[in-house]
Amino acid sequence: MSAIEYETVIGLEIHVQLATNTKMFCSCGLSFGDPPNTHTCPVCLALPGSLPVVNAEAIHYGLMIGMALGSTLAPRSIFHRKNYFYPDSPKGYQISQYDEPLCLGGQLGDVRIHRVHLEEDAAKLVHSGGSGRLHASDASVVDFNRGGTPLAEIVTEPDLRDATAAAEWLRMLRATLRALGVSDVNMEEGSLRCDANISIRPVGTTELGTKTELKNMNSFRYIERGIRAEVARQTQILRAGGEVEQETLHFDPRTESITSLRSKEEAHDYRYFPEPDLTPVAITDAMLDRARTALPELPGARADRLQRDHGLSADSAHLLAFRTELGDFFEAALSANGDTPAAEPQALANWMANELVSRIGADVDPADTKVAPAALAQLVAMVTAKQVTQGGARQVLDKLVADGGEPGAIVAAEGLGAVGGADELAPIVEAALAANPDVAERLRGGEMKPIGVIVGYVMKETKGRADGGEITRLVRQQLGL
Amino acid sequence: MSDITALTAKQAADAVAKGDLDPTELFEAYRAKAAADDLNAYTWVAGEAPAGDGVRDTPLGGVPLAVKDLFCTEGVPSQAGSRILEGYLPPYTATVVQRLADAGAPLLAKTNQDEFAMGSSNENSAYGPVLNPWDHTRVPGGSSGGSAAAVAGGSAPWALGTDTGGSIRQPAALTGIVGLKPTYGTVSRYGMIAFASSLDQAGPLTRDVTDAALLFRHMVGRDAMDSTSLQHPDAIVLPTAQRLDGITLGVPEDLTGEGIEPGVLARFEETLKTAQELGAKVVRVALPHAEYGLSAYYVIAPAEASSNLARFDGVRYGKRAEADDLLSMYTKTRHDNFGDEVKRRIMLGTYALSSGYYDAYYGRAQRVRTKIAQDFTSAFEQVDFVVTPTAPTVPFELGSKTADPLEMYLNDYFTVPISLAGIPAISIPAGLSEELPVGFQLAGPAFSENRLLDAAFALEQAIGFDATGGRS
Amino acid sequence: MTHLDSRVVIDREQVLHVAKLARLELSEDEVGRMATELSGVLDHIEKIGELSLDDVAPTSHVVAIDNALRPDVVGPCLPREVALSQAPAVQDDGFLVPSPQA
Ligand SMILES: [Mg+2]
Ligand SMILES: [Zn+2]
C-alpha cells in the first residue's frame, strides 16, 4: 500500500515597519541603530499618566497599503488593548486593532488578503550575561528605542501551497510596498517580518489540518527552508500516526531545526478590549483622496502596461515590473533614443533577464553598474541588425560590465563586427568545402548533419564573427541544393 | 488683614490683584498650615514659596493649590497613594497642573488619597488614612480624601481631585465643601495616573461654588496630548444667580430611599424646599437603569484598572521585588507593593475580561452604560437637573466598613451612574446631621457646567452653610 | 450565559488562574479571601444579567470624538539619564530585568 500524499496549506502574517517620522502613538523620532534608550518619552516608556495619540501619517500609509491590496477600507476603525506582560511591552498591553481593523479583504497576485491593521512595535530585549545584582542567573536589558514604531500587520488567507510560492509571493508583496514607499521593507533589518501559519492535509481533502505558527524568519531563503522543514516535520508526525499540536515555533537556519517557543503568557488570554484612551478613526474623503493621489504605479499595473505597450511576454513583464530596478533600467534603455525605441523591446528584455542579470548578480541594481541603459539598448539593436553575432555581443557585454563604454566602439576596437556580405564569406565557404570533399559529398547526398564541420571551419577562419544562418545559405547555394 | 487663610480663593486672588495681599505671604501662611497638618492630608508639602513676582497679574493671583497625589508633578513625588510608586519623581507635569500654575495657582502640596483612587474612605492609602476635620475618628471619604480634608480643614485654599465614580463629590460631601465633577473630556487627563480611563475626570474641591467656577475656568481646554479631551463649548463664568425661577429639579424615584440615613434624607428634603422657595419646580423623574449603575461600574472600572495598572511591573520605575526569574519578579513586585483593594480590583477586572467572560461582564456592562446614558438624556428632556443626596450616609467611623468591600462600594450609589453617563455634577454642603456634613448633588446634561454652577450658587447662598466646624 | 443565572462562586483554581494572568502572587490565605470576596462582588454584579440588552450598542466612549490624530512631527525625547533615573536596575544604558528564559 502507498503512503498518503499530503498537501501544504500556508497563510502568512507580515509585520511591516512604517517609514513615518515619528512613532505610532508619540512624537519620538524613529530610531535606526541609535544608542539604546535615546528615543523615548513618557508615552513610549509608559510612564504613569501618559496617554497615546495616533500618528496621522501611519493611518495615511495604512490606507495606501489597503488601496494597493484592493482592501475594503473601514469607514470607522478602532484600537484595542492586547494585554500581556513582557519587558518589551512597557504598558503591559500592546495597542493594536482587533475586530474593527483599518482594512478588510483584498488580493495580491493569486493570494487573498484577510486583513491589514495598525499596531505598535515592541521594544528590543537584549540578552546580557550574568549580572552582579542577579546572582548566577542571566539577565536581559531593555532598549525602548524601537518600542512604539508604527507597524502594519498584513494577514493573508491560507492560499499558498508550498514554500517556494510563499517566498515568491512575499517578494511580490515587498516590491509592492517598496513601490508605495511606506517602508524600507528590509528583512535583515527587521522592517519586514514574516510569520507563517502552516498545516498539511491529505491531498483531495478540504478540511484544514492543525496549524503551527513559524515565527520571524528574517530572509527569503529562511522562509523557504523553514517552511520546508516544518512541512517535513508535520508529515513525519502524521505518517507515524501522531497528531500535530497547535504551537508557536522557531526555525534555526544554522541547524535547520524547529523548536517550540515558550509563549509570552503561558495561558494565552490577551483580554482584548477597546482602548479607552483612543477615539475611533473615521476615514474622511480628504484622507482617501490624499492616499489615492499618493499611490504610484504598482508592479501589477506596470506588468500589464509593459505587456500592452511593448508586447513583452508575461514572464518578462512580471520580472521587470516586480523587480522595480530592472523595470526602470529597461524603460530607460528603451527610451534612449527618445520616441523611436532604441532596441526591440522583447529582445532587450531577454538580454536583461538572461545576460545582464547573470553578469551583475541577481540582487544588484543595474543602475549601480558601469553598463549604461543606452549602451545595452545599442548592443541589442546591433545584434538584431546582425552587425554583431550573439557570441560577439556577449563578449561586448562582458566589457561593458567590466569597464563600461559604448558597444560600437568596443566592436570596432576588438574587431568583433560580424563578417557581413556573401562576397566576403563565399570564398571562405568554398575553401571549406574544398578542404572537406567527403563532407561536401554527403551534403550533396541530402545528409545535412555534417554541415557542422563546414560551419566550424568558417567560424575558425572568421574567429566566430560569421553568422551561422548565412553560412548554411551559401553552402546550399554553392552545392546547388 | 487678620487671618488671610480665612479668605476664599477668589477673595484672596482679588486682594492680591488690588495689592492688598502679598502672594508670597499667602503662600507661606498656607505652607505653614499644611506643614503642621494633623489630618494626614498631605504626602508632600512645598519647601518654600515660588518667586512671588509675576503672579500678581495672573488670573489666580498666586493663590496656592493642593494637588491630589496622582497628578504627575515634575521632580515632586507622585505616588498615587501606592507603595509601588514610593518616592517616584516624574520627569513631566500633568497638563491641568501646568495650566493652573501658568494661571497663577502654584503647587502648595500633594494630597493623600486612596491607592490609585480606589476607595471611598481614603483608608486604602499606603501612606495612612486621612482624618475627617469635623471628627478625627471618622473618614473624609475618598478617593480624593486628602484634598477634601485639606480644603475643609483650612490648610489649603483649594485643591485638585479626580472623580471616577464619586471620588470628588463624595469626599466633598463628607467634609462639608464643594466638589465639581466636570463633563468627561473637558479637562485633560494627561499626567493623571489612570484608574479607569473612560471614567476618570479631574475637578476642583473648594470652599464655595465661586471658587469651584474660578478654578474650573482655568482647567478646561482641549489638550493635544489627550485624544479624549475636547474644548468646552462655553467660556466658564462665575455664578451670579440668586433665584431658581423656571428651573426644574428631578428627583430620581429609583435612586432615593435606597439605604439613606434619615438625617441625610432630612437635609435632602429641606434643600428641595429651599429650592422651591427660590422658585424651582421639583418633580419625580425616572432613571430605570440607574440601579444597575454600581454593577456596571464594578465591571468597567476594575477591567480598565487591571490593564492600566499592568505597567507597574518593576522594570522602568517604582518598586521591584528582587527575583532570579522574570515571572517571580513580576508577581512578587505586584504582591508586595499593591494594597488589598487594588489587588481585589485587578483580580475582578482581569476576571471580567478573561476569555469566556468578556461578553457576560464587560460587554454587558458597556451596554448597561448605554442604557444609563439614555436614561439621563430623556430625563433632561423633562428637567434641568437631576438631584440626589451625594452620599447615603454621613462620614462613617474609620475601620467601620473596611471588612466588607460591597458595603463600601454602596457609598457611591448616587454618584456612579452620573460618572457612567459622563455628565457633570456638583456636590454642595446641605447642612449637618449628627454635627456631620451632608452633601446635596446636582447633575446636568453634558457641558451644562455654567448653569449647574449658577444653580448651586443660588442654593449655596440660601442655605448659608457654616463650615467653621471643619476648620482646625 | 449559564454562570449568570446562578450564584457565582469563584473557586481556588479560578483565583489562581486569574492571579497568574494578572501577575499577582497570592499567599494561601489571600487566595481564600479573594475567592470569597470576588464571589460576593460578582454575585452583586450578576444584577446586570437580568436586563435584555441584545439590541443595545456598547458604550466605550461617552464623548463622540473622531480622528484625534497627531501630525507626524518629531518632538523632543527624554535624555537617557532621565529615562533611566527611576529604574530599579540599570545596565548597559538599558533597563535590567531577569531573563525571561531564566
Ligand atoms: Mg501583531
Ligand atoms: Zn515616545
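The values are calculated or read from the model by the stated rules, or taken from the named source; none is laboratory data. Model, not experiment: these values are computed from the prediction. Note that each Cβ is placed from the backbone with ideal geometry, even for glycine, and that neighbours are counted across all protein chains shown.
Quick notes on this one:
- Scan of the range A:92-103 for residues that are more than 16 Å from ligand 2 (Cβ to nearest atom) and polar (S, T, N, Q), ordered by number: A:Ser96, A:Gln97
- Condition check for A:Gly404 on (1) touching a Lys or Arg at 6+ places or on another chain (Cβ under 7 Å); (2) buried (at least 17 other Cβ atoms within 10 Å of the Cβ); (3) of a type outside the set (Asp, Glu): one failure, at (2).
- Condition broken by A:Ala393, with the remaining ones in (1) under 31 Å from the mean Cα position of the chain (by Cα); (2) farther than 29 Å from A:Val453 by Cβ satisfied: (2)
- Looking across C:Val97, C:Val82, C:Val41, one residue alone is under 30 Å from B:His289 (Cβ atoms), outside any loop (DSSP other than H, G, I, E, B), at the interface with chain B (Cβ under 10 Å from one of its Cβ atoms) and not polar (S, T, N, Q). It is C:Val41.
- Just one of the listed residues (A:Leu160, A:Leu125, A:Leu170) is farther than 30 Å from B:Tyr358 by Cα, free of Cβ contacts under 8 Å to residues at least 60 places away in the same chain and either within 14 Å of chain B (Cβ to nearest Cβ) or in contact with a strand residue (DSSP E or B) (Cβ under 7 Å, 6 or more places away or on another chain) (or both), and it is A:Leu125.
- When residues of the range A:104-139 are limited to those that are at pLDDT 95 or above and small (Gly, Ala, Ser), the one farthest from ligand 2 (Cβ to nearest atom): A:Gly105
- The strands (runs of 3 or more DSSP E) found wholly in the range A:60-168 and carrying at least 3 residues that are buried (at least 22 other Cβ atoms within 10 Å of the Cβ) occupy A:80-83, A:111-120, A:139-143, A:150-156.
- Members of the range C:50-69 found to be surrounded by 11 or more Cβ atoms within 10 Å (Cβ to Cβ) and facing chain B (nearest Cβ under 7 Å), listed by number: C:Leu51, C:Leu53, C:Val56, C:Pro58, C:Thr59, C:Ser60, C:His61, C:Val62, C:Val63, C:Ile65, C:Ala68
- Each residue in the range A:173-199 was checked for being in contact (Cβ under 8 Å) with a residue 60 or more places away in the chain, over 13 Å from A:Glu13 (Cα atoms) and out of contact with any helix residue (DSSP H, G or I) (no Cβ under 9 Å at 6 or more places or on another chain), and 2 pass.
- For the range A:169-211, filtered to residues that are aliphatic (A, V, I, L, M) and in a helix (DSSP H, G or I), the residue that is surrounded by the fewest Cβ atoms within 10 Å (Cβ to Cβ) is A:Met172.
- For the range B:308-331, the condition of being part of a loop (DSSP other than H, G, I, E, B) and more than 14 Å from chain A (Cβ to nearest Cβ) holds for none of the residues.
- The residues of the range A:15-64 that are at pLDDT 95 or above, away from ligand 1 (no atom under 16 Å from the Cβ) and small (Gly, Ala, Ser), listed by number, are A:Ala19, A:Ser27, A:Gly29, A:Ala46, A:Gly49, A:Ser50, A:Ala56.
This table checks each residue for (1) of a type in the set (Val, Ile, Thr); (2) under 22 Å from B:Ala172 (Cα atoms); (3) in a helix (DSSP H, G or I).
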{"position": "B:Leu26", "(1), (2), (3)": "no, no, yes"}
{"position": "B:Ala32", "(1), (2), (3)": "no, no, yes"}
{"position": "B:Gly61", "(1), (2), (3)": "no, no, no"}
{"position": "B:Ala80", "(1), (2), (3)": "no, yes, no"}
{"position": "B:Pro90", "(1), (2), (3)": "no, no, no"}
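- Residue count for the range A:383-422, restricted to those that are closer than 23 Å to A:Lys460 by Cβ, small (Gly, Ala, Ser) and in a helix (DSSP H, G or I): 6
- Filtered residues of the range C:48-79 (kept if at pLDDT 90 or above and among the hydroxyl-bearing types (Ser, Thr, Tyr)): C:Ser52, C:Thr59
- Looking only at residues of the range A:5-34 that are more than 10 Å from ligand 2 (Cβ to nearest atom) and without any contact (Cβ under 8 Å) to a residue 60 or more places away in the chain, we find that the one that is nearest to the other protein chains (Cβ to nearest Cβ) is A:Asn21.
- Check on A:Ser89, within 16 Å of ligand 2 (Cβ to nearest atom), over 22 Å from A:Asn21 (Cβ atoms) and touching a helix residue (DSSP H, G or I) at 6+ places or on another chain (Cβ under 9 Å): yes
- Enumeration of residues in the range C:8-33 that are more than 17 Å from B:Ala323 (Cβ to Cβ) and more than 16 Å from the chain's Cα centre (by Cα): C:Val8, C:Val9, C:Ile10, C:Asp11, C:Arg12, C:Glu13, C:Glu28, C:Asp29, C:Glu30, C:Val31, C:Gly32, C:Arg33
- Of all the residues in the range A:35-45, those that are of a type outside the set (Val, Ile, Thr) and near ligand 2 (Cβ under 10 Å from one of its atoms) number 5.
- Test set (1) closer than 29 Å to C:Phe95 by Cα; (2) more than 16 Å from ligand 1 (Cβ to nearest atom); (3) among the hydrophobic types (A, V, I, L, M, F, W, C); (4) touching a Ser or Thr at 6+ places or on another chain (Cβ under 9 Å) - A:Ile10 fails condition number: (1)
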